[in-house]
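Below you'll find the structure, written out as structure tokens, and then a few comments.
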Amino acid sequence: MFLLNFIGVFSGRIVDMGYFRTALYIGCTCQVLGVFTTAFSTTYWQLFLAQGVCSGIGHGFLFAPILSILPTYFKRHRAIAVSLSTCGASTGGMVFPVIAYTCLDSLGFRWTTLIMGFVVAFNAAIILLFTRTRITPRKPRSLFDVGAFKEPTYTLFAIGSFFALWGLYFAYFYLGIFGRSVLGFSTRQSLLALITLNGVGLLGRIIPALLADQYFGILNMLVPVVGISGILLFGWIGVSSTGGLFGWAVIYGISANATQSLFPAAVGDLCTDPTRVGTRVGMIMGVLFGGFTLMVGFLVYVLTAIRKARSKKPVCYLCSTQFLG
């Protein structure tokens, strides 16, 4: 998560300089290489370099560039266009757990990961074949658009996103662990809960985007969706049964995925100059990477507290960050 956001600071700027294809080639190569080398990892440092560093670099060189070119193609239907593209996250959130669910016991870790690698390679080929930029790049500018932070709207949005997304991803990290350690889930039940959380995200990414384009506007839709996600995280405190957790995962999956899809569309909506979208998306990533770095350390405390003492206070702290955002 750190590299995905941190590298976006540079890869977004690369797009505005006219090196979009270069960013794609680097990103796709590192993504595919990272998954395949993960399959052959036998020690922690190998896994860290393959899955953490190599794949992280690949994600960083793809995430911000792809998000930055979509708003340049659309104005009236920008939210739904960006949201449809982000549906791949929900689809992948179902496909890869299903691969693990069906293959780990029979094929083992190596071949299961190799199958995932072939899926990633196929997707990378589609990206390289069909993805194009619309805006002709201008003269090279500085790495950062300092003037963006002189705009109160952009600055407040960046700060708000920092706090809103800090708490948002907690469920994705902890849902399976909570099911196993608190409710006695099996590994397969935990995977099914994660698949549910991601699967319903297709509705969350499409329906709010349609409402934003047709009636409310992107920012006006994003704010209540973030608030609902925070309320639902508070609601997790009362979950004490299998049915309750799956029901909660369905509702939270819709709101959390709506937030994730509306966020990049809002960045493009705040930038009036389409030749600067890549830079500004990258700068937002720069604001966020610190939040994700802090989140990792904070999650260690959360997981330790709940696993040892069943304390739910840390969940409340994460909820409060979303309301602050």
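By other beta-carbon atoms within 10 Å, ranking D105, D213 with the fewest at the front produces D105, D213. Full extension of the chain between V98 and A125 yields a length gain of 7.5 nm, computed as 0.36 nm times the residue separation minus the alpha carbon distance. Separation of region 1-38 from region 178-247 is 29 Å, based on Cα centroids.
Distance between the pseudo-spin-label points of R132 and V53 (7 Å out from Cα toward the beta carbon): 3.8 nm.
Stretching the chain fully between Y25 and I207 yields a gain of 62.3 nm (0.36 nm per residue, less the alpha carbon separation).
Taking the Cβ of L104 as the center, what net charge do the other residues with Cβ under 11 Å away carry, scoring Lys and Arg +1 and Asp and Glu -1?
On the way: positive: R110, R188; negative: D105.
Once positives and negatives cancel, what remains is +1.
Every number in this text was worked out from the coordinates using simple rules, so none of it is lab data. What you see is a predicted model, and the numbers here were worked out from it, not measured in a lab. Glycine gets a Cβ as well: all are built from the backbone with ideal geometry, and neighbour counts include every protein chain shown.
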